[in-house]
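Below is one structure, written out as structure tokens, with a few remarks after it.
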Amino acid sequence: MVTVLVLLAGVVAVVDWWAVATHRRRAETICKPLTMALLVGVAVTAGDMAGDARTWLVVGAILGLVGDVALLDDGETAFMVGLGAFALGHIAYAVASVLVGFDPAWATIGIVFVVALLGFRFATRTLPGAIAHGGPALGGAVAFYAAVISAMVITAWGTGIVVAGVGASLFAISDWVLGHRRFVGPLPGGRLAVMVPYHVGQALLVLGVTRAI
């Protein structure tokens, strides 16, 4: 069952990337949330996890699905709803990771990664851009989001499961690109630079934390 769900999620994700690259909005509105819905199924069934850890993992994946649906709309309200859903999802993923285990030595890799990621344009351009775009309230929301995704990355690496750490890092890169595109300007790769690391990151994070691979 897990293998089937992962393969289906991969196929649907690739179709979504094609839809994004070719501006087929209708296909994207189906494939983007469907990919995450399939990954929710993976979170429910993959590996052999303690009940509490799996519950938090599934909650994180479901909140990712909610965020995906919200961000199908480009409006400001939808963006804030999506931001909130993903922020709560990152917290849920972080709790799941801590329940799996936490090794400070492994967590150091995550700390180095998030310092580098946030130090490159986020602190100097994306955050000021968010403040200029929506005032201190939006800037505060974006800063809070950066803090919770940093916690998610650090705790994923803290499990000592490399696949989970890489997945969380790709997820963070996707969000970094999304923030830059929204508050600073375009980047090479367009929206594909958001979607590819997002889907791959979510999949690796779920499969890693469940120790399915």
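What follows is calculated from the coordinates using simple rules that are stated; it is not laboratory data. Note that the coordinates shown come from a computational prediction; the quantities given were computed from them, not determined experimentally. Glycine gets a Cβ as well: all are built from the backbone with ideal geometry, and neighbour counts include every protein chain shown.
Note: relative contact order over the range 2-209, using C-alpha pairs below 8 Å and six or more positions apart, is 21 percent.
Over the residues of the chain, the helix contribution to mean residue ellipticity at 222 nm works out to -28000 deg cm²/dmol, using -39500 (n - 2.57) for each DSSP H run of at least 4.
Would the chain count as rounded, prolate or oblate if I go by the C-alpha gyration tensor, calling it rounded below 1.5 in a/c and otherwise prolate when a/b exceeds b/c, oblate otherwise? Oblate shape, in that a/c is at least 1.5 and b/c is the bigger or equal ratio. Counting other Cβ atoms within 10 Å as a rough exposure proxy, the listed residues 198, 145 run 145, 198 from fewest neighbours to most. Ranked for footprinting exposure by Cβ neighbours inside 10 Å, fewest first, 106, 18 give 18, 106.
Within the chain, which DSSP H helices have Cα atoms that stretch 20 Å or more along the helix axis and a mean Kyte-Doolittle hydropathy of at least 0.0? Mind dumping the intermediate values first?
Details: long enough: 2-21 (28 Å, 2.29); 25-45 (30 Å, 0.85); 51-70 (28 Å, 1.17); 76-100 (36 Å, 1.61); 127-158 (35 Å, 1.32); 162-183 (31 Å, 0.93); 192-209 (25 Å, 1.74).
Qualifying helices: 2-21, 25-45, 51-70, 76-100, 127-158, 162-183, 192-209.
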